[in-house]
Each structure stands twice: as C-alpha cells, then as structure tokens.
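In what follows, a structure is listed as structure tokens, so that the remarks can point back to it.
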Amino acid sequence: MILLSNTRYTVTSDPAIEPCDGMALYALPGQDTVRLGESCDTVMIGGGSGFADGCASFVLEALPRFLRIDAASPAAEAIARTLASLQDEARAGQIGASIVAERLADILVVEAVRAYVAAGAAGSVGWIAALADPRIAKAIKLMHADVARRWTVPLLAREIGMSRSALTLRFSQRVGRPPLEYLTRWRMMLAQRKLALGAAVSEVAVDVGYASQSAFAHAFKRTMGHAPRASRQ
C-alpha cells in the first residue's frame, strides 16, 4: 500500500514502459480500479481522501509526501484485512455498499498512518510523527483533550515530567514548532471548523481558550491569514 500526499506522480507496470500520469488514472468518478500492462496483469485499487473546512494542510504537512507500507511490516495484516473487506463489498453489491466502502477507505488511511507512527516515523518532523515519542505524544494529547485550558510551558512540562527547556527543545525538534505555537495552530483549526458551522465568534473564542474576542481575532488572523468572520462566509 502506498499513501501519497498532495503531489503529482506517475505510474507504470514495468521499468521499460513509458510512465503515465497517476492522478489521471483515478480522475473519473467511481474509477477506483486500474489495470496496466499488455495483459492487464498489474491491478491497482486507488482513490483519494478529501479534507473539509481547510484542515488539509494541518494533516498533510505532518505526513511524508510518499509513504509505502511494506507487505512484510507488522501493519500489513490489518491493511490486508481491510482490503479484503473492500473486495467483499465490491463483489457482493449489497445495499449501502458504497457507504461501507467509503468508511473502509478511511480506515485504510488511518491504518497507513498508524504504521508510519509505529515504525518510528523514520526521524520525520511533524505532529503525527511526534506521536511515536511517548512524552511528546502525551503533551499533544493533553492539549487536544483540554484546548481551552490556560496552558503554559511550565504547566505542560510538569504534567509530563520534563523540564521546561527539555520539553521545548524536544517538542520543537519532533513537531517542528514550539509547544504553545503548536497549541495556537490547533486552536485555530478547531475555531475555523466551528465558525464554518455557523458558531458566533465570541462563542468560539471562549471554546478555544480566549477570554478576549479581540485577542482571539488577532491570533486567528495571524495564523489563518484572514479574519474569523471570513470563515463563517
């Protein structure tokens, strides 16, 4: 299994054959199976995942552009089971098969990301790769679980049993930004989602930990590049 980020790629069934545009192979609606080679002996099942409410960059920047799950890896068994279930749904043609297939496709992506983290993320930088580090993972989970809490580096360090300087250095190395900068970005991603669903700016500000609506608006514009009210539109 190969998980590709938002990047163009080419595909061929043999090194001696001219490659073709991989994205075009799955361009048509419902086109999820591709056969290549003179005898069509190379078969690929593929598709794409979309992200709502402008959340794509938050996920994609934390993943490698190209992620291959080897058939011999510990994660291969779970992925093989999901692929088998997808195949069964495609063959059976039962009521709701397309809905089940979509959910299984989501599971495939999750399994691939799990494999990436379980493998230690090969020294990659980003909040997803950082989940392979138990202490940094705990810090991230704490912030996600209580986003409105008035987090500080000393408080976070105390919760996970690290010094302030060690936490800041290690978090920055693994995630790619300091703890509180990461927290601000996470808050703004949640805020954007709430705003897109029609929540009031004042309500969202409180939900993501800002006592002042103006302070929230300033942080939102600095992080997202536009005012909060633009997300409601």
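The values are calculated or read from the model by the stated rules, or taken from the named source; none is laboratory data. Owing to the predicted nature of the structure, the values given are computational and were not obtained by experimental measurement. Cβ: placed from backbone, ideal geometry, glycine included. Neighbour counts: every protein chain shown.
Brief remarks on what is shown
- Among residues that are in contact with a Lys or Arg (Cβ under 9 Å, 6 or more places away or on another chain), surrounded by 13 or more Cβ atoms within 10 Å (Cβ to Cβ) and either assigned to a helix (DSSP H, G or I) or outside the structural domain of LEU63 (by TED's automatic domain parsing) (or both), GLY209 is included.
- Of the residues examined, LEU167 is one that is modelled with pLDDT of 95 or more, among the aliphatic types (A, V, I, L, M), over 19 Å from ALA148 (Cβ atoms) and crowded, with 17+ Cβ neighbours inside 10 Å.
- Within the option set VAL11, VAL34, VAL43, VAL59, being touching a Lys or Arg at 6+ places or on another chain (Cβ under 7 Å), surrounded by 11 or more Cβ atoms within 10 Å (Cβ to Cβ), aliphatic (A, V, I, L, M) and outside the structural domain of TYR182 (by TED's automatic domain parsing) holds for one residue only, VAL43.
- In this entry, SER49 is excluded by the filter for residues that are within 13 Å of the chain's Cα centre (by Cα), loosely packed, with under 15 Cβ neighbours inside 10 Å and farther than 15 Å from ILE2 by Cβ.
- Selected residue [assigned to a helix (DSSP H, G or I) and within 21 Å of ASP146 (Cβ to Cβ)] from ARG193, ARG222, ARG229: ARG193
- Within the set ARG174, ARG185, ARG158, the sole residue that is part of a helix (DSSP H, G or I), more than 19 Å from CYS55 (Cα to Cα) and modelled with pLDDT under 95 turns out to be ARG174.
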